[in-house]
Amino acid sequence: MPRLPLHTIETAPAAAQPLLAAAVKGSGYLSNLLGTLAHAPAALEAYVTLSGLNAKSSLSLAEREIVQIVAARVHGCTFCVAGHTALALNKAKLSPDLVTATREAGLLEDARLNAIARFTEAVIATRGRVEETQLSAFQAAGFSNAQALEVILGVSLASLCNFANNFAQPPLNRELEAYRFEPRG
């Protein structure tokens, strides 16, 4: 049961309504994450702004989705794992095997995506104080220092979403049911 009632466009504070309307126009439905964030229009605006900035990074859509799935898994946000699984499969066109490995903290067959997954885990585990060996492995896969900061941007976006979902406990949207994630163990 959700800790906070879910807002619709009509029930949301006035400052949140245009942001929710734009989200529905873009995706065809209102994510329960956004219905939650609408309680604090500044948090919703931060999400929209950070999402836009993250999309402008030099990381590919596939790389950004790996960051989001890894962060959601590490932060225990099953809602975001499901949401980003849908995006990874349907928009980034990642293979189901690669997405499953990402969701389960496995080794990714694509060396570059594996490097970004491991670096994302290191950024979260060390709160950004990654060891030189971790940074060197990331760079050896062809990533730059700027892209290391872009991973941190992605983790920042994920943290907002993951923590809001973990706090508010919204139900998974029916549009995401096929991508539901239940961690093992």
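Since every read-out is calculated from the coordinates, none of them should be taken as a lab result. Source: prediction; values computed, not measured. Positions of Cβ are backbone-derived with ideal geometry, glycine not excepted, and every protein chain shown enters the neighbour counts.
Fewest-first ordering of 47, 29 by other beta carbons within 10 Å of each residue's beta carbon gives 29, 47. When the Cα positions of 54, 130, 96 are compared along the charge dipole of the chain, 54 comes out farthest toward the positive end, with charges on each C-beta of Lys, Arg, Asp and Glu. Helix 17-27 and the longest principal axis of the C-alpha atoms of the chain enclose an angle of approximately 60°. Report summary: the helix-based calculation at 222 nm, which adds -39500 (n - 2.57) for every DSSP H run with n ≥ 4 and divides by the residues of the chain, gives -20000 deg cm²/dmol. If you take the Cα centroid of segment 125-185 and the Cα centroid of segment 1-49, the two points sit 22 Å apart.
When the chain is treated as a Gaussian network with alpha carbon springs shorter than 10 Å, the biggest mean-square fluctuation among 57, 144, 27 belongs to 27. Taking Cα centre as origin and charging only the Cβ of basic (Lys, Arg, +1) and acidic (Asp, Glu, -1) residues, the dipole magnitude of segment 58-161 rounds to 240 debye. Taking 124, 66, 116 in turn, the Gaussian network model of the chain (Cα-Cα springs below 10 Å) assigns the largest fluctuation to 124.
In units of the rule-of-thumb radius 2.2 N^0.38 Å, the chain shows an alpha carbon radius of gyration of 1.02.
3J(HN,Hα) along segment 115-126: 5, 6, 5, 5, 5, 4, 4, 5, 4, 5, 5, 9 Hz, from the Karplus curve 6.51 cos²θ - 1.76 cosθ + 1.60 with θ = phi - 60°, whole Hz, x for Gly and Pro. Database note for the chain: Cys without another Cys beta carbon under 4.7 angstrom, 161.
Whole-Hz Karplus values for segment 41-47 come out as x, 5, 5, 5, 5, 4, 4 Hz, taken residue by residue from phi with 6.51 cos²θ - 1.76 cosθ + 1.60 and θ = phi - 60°; glycine and proline positions read x.
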